[in-house]
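Written out below as structure tokens is the structure these notes cover.
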């Protein structure tokens, strides 16, 4: 609702500028929400922008424009929603909303309920978000967990504002890492059967490899080394991929993340598909031969150097199947493709953007989000992690230790481009220090108050509000009204962090209000009903936000 008022005010300011001088070409009108509420609900700097061209001091010009704007407000019949317009040095025009405007925020919340904050902004445009996409060579790490939390929450938000988003996991089931996995399982199986071997230094050393090897032996009813060696190497790799993919799927399910599409490199980047995409690029003149290898002209599209797609021995680089995969993505009708990667892939971005452009897509059709790593702390000390050495804490361990809600919320508590410190001890606390507990407790507290009020035959008053004028009441209403705009910030930044911050702030505003004002007062039933409406609207905003983050909404704690 505040976003609606903002749009209306921008339109009024633009009309007023045209009234003032219809021949002038004006810059974009900016309307900000001041951090200091003494400066109003919205503030405009248009007079500062125009002072030089109009040869007037900014304050003087602002005063003139203020008079024109006030006339326009009356013409547009918004004087019941805007209580005051004032000018402040060095030339800002500040707008103050009337009580009726604040009440209309609550009316909108009650009208839209669990859909409050949602919109049709995206107009059903198809987006694919590919994330996690871990090599099936081990359980999911906390790095994958953070990407999973980000990708899932971002999908919920984008779907909520009208996009048609599909979540996709790309299974890298071919290549050197898979070969190493198969070799690791084979060697551990030989050890189990009593053969002395020197385990390869590059092999996966986690205990889970021994578990897979043991299950392989049991499933294939192998009794001795000879029987084991009779199995071709490829079987070990395939068995490991299937085993670990099942583990990964279960971990994601336990984490509340469900993918719409599971794609496999082996099925998409087939030899024929690779030949077809190279033929396409060749016909476009984007390939050339050098030193016996085939090169892609990625420098034509802004990359710092050209990239090999086919080596001199006839094998393909990792880059080549990725080109095929992205051609496949756009071939399925997605208007925009979003990849969520870890920081170790940062240098890979320019070449993939180049490939997408070479395939005939706009540069903006591909968005690559880099999610920085997370460090897990236990008792104030960081836990060192290395997947290859088998020394790391897995997603499953984090879930078991702190729960899904805390895990998901904590993985979202920083901007995706910032490193994240995850404090296991803090995540387990059931005190206001724990951000997710603090927010969930606000929701549960509201549910409890409303339930007790209903027992006293008091219901929230959802229309005809007139009494909510205390500072804490107005501040809370305004914060409720910012929920739809917060989702738009998440869209513009492609980052759920703004919603995380919003929920922490609205919980703080609620607790502050609740600590200073009685909600149910038998001496003033009318005020009680209106305050019940206020906290009920707060409950709806909190619940809607938590659901978008994939965090539960408890009624009791």
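The values are calculated or read from the model by the stated rules, or taken from the named source; none is laboratory data. Just so it is clear, the structure is predicted and the values come from calculations on it, not from any experiment. Neighbour counts are summed over all protein chains in view; Cβ atoms, including those assigned to glycine, are modelled from backbone coordinates with ideal geometry.
At a glance:
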{"item": "Matching option when the condition is in a helix (DSSP H, G or I) and touching a strand residue (DSSP E or B) at 6+ places or on another chain (Cβ under 9 Å), among 451, 425", "result": "425"}
{"item": "Residue check for residue 305: outside any loop (DSSP other than H, G, I, E, B) and either without any contact (Cβ under 8 Å) to a residue 12 or more places away in the chain or within 26 Å of the chain's Cα centre (by Cα) (or both)", "result": "no"}
{"item": "Segment 393-412, residues that are buried (at least 21 other Cβ atoms within 10 Å of the Cβ) and either modelled with pLDDT of 95 or more or part of a loop (DSSP other than H, G, I, E, B) (or both)", "result": "402, 405, 406, 407, 408, 409, 410, 411, 412"}
{"item": "Subset of segment 14-44 (residues that are touching a strand residue (DSSP E or B) at 6+ places or on another chain (Cβ under 9 Å) and part of a loop (DSSP other than H, G, I, E, B))", "result": "29, 30, 33, 34, 40, 41"}
{"item": "Residue 535 under 34 Å from the mean Cα position of the chain (by Cα) and within 30 Å of residue 257 (Cβ to Cβ)", "result": "no"}
{"item": "Every residue from segment 204-229 that is crowded, with 17+ Cβ neighbours inside 10 Å and not in a helix (DSSP H, G or I)", "result": "204, 205, 206, 222"}
{"item": "Identity of the residue in segment 518-546, touching a helix residue (DSSP H, G or I) at 6+ places or on another chain (Cβ under 9 Å) and part of a loop (DSSP other than H, G, I, E, B), that ends up farthest from residue 436 (Cα to Cα)", "result": "522"}
{"item": "Among the residues listed as 69, 73, 93, the single one being closer than 17 Å to residue 15 by Cβ and assigned to a strand (DSSP E or B)", "result": "93"}
{"item": "Residue pairs meeting the criteria (Cβ under 9 Å; at least 6 apart or on separate chains; first assigned by TED's automatic domain parsing to the domain that holds residue 215 and in a loop (DSSP other than H, G, I, E, B), in segment 230-251; second surrounded by 13 or more Cβ atoms within 10 Å (Cβ to Cβ) and modelled with pLDDT of 95 or more)", "result": "230/222; 231/186; 231/216; 231/220; 231/222"}
{"item": "Candidate set: segment 494-504, residues that are part of a helix (DSSP H, G or I) and touching a residue at least 60 places away in the same chain (Cβ under 8 Å); chosen: the one surrounded by the fewest Cβ atoms within 10 Å (Cβ to Cβ)", "result": "504"}
{"item": "Only listed residue being out of contact with any helix residue (DSSP H, G or I) (no Cβ under 6 Å at 6 or more places or on another chain), surrounded by 15 or more Cβ atoms within 10 Å (Cβ to Cβ), free of Cβ contacts under 8 Å to residues at least 24 places away in the same chain and part of a loop (DSSP other than H, G, I, E, B), chosen from 56, 49", "result": "56"}
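Residue-wise test of (1) part of a loop (DSSP other than H, G, I, E, B); (2) closer than 18 Å to residue 264 by Cβ; (3) modelled with pLDDT of 95 or more; (4) touching a strand residue (DSSP E or B) at 6+ places or on another chain (Cβ under 9 Å).
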{"position": "137", "(1), (2), (3), (4)": "yes, yes, no, no"}
{"position": "147", "(1), (2), (3), (4)": "no, no, yes, yes"}
{"position": "151", "(1), (2), (3), (4)": "no, no, yes, yes"}
{"position": "155", "(1), (2), (3), (4)": "no, no, yes, yes"}
{"position": "162", "(1), (2), (3), (4)": "yes, no, yes, no"}
{"position": "166", "(1), (2), (3), (4)": "no, yes, yes, yes"}
{"position": "169", "(1), (2), (3), (4)": "no, yes, yes, yes"}
{"position": "173", "(1), (2), (3), (4)": "yes, yes, no, yes"}
{"position": "181", "(1), (2), (3), (4)": "no, yes, yes, no"}
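One line per residue, one yes/no per condition, for (1) surrounded by fewer than 22 Cβ atoms within 10 Å (Cβ to Cβ); (2) farther than 13 Å from residue 338 by Cβ:
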site	(1), (2)
125	yes, no
140	no, yes
148	no, yes
151	no, no
176	yes, yes
186	no, yes
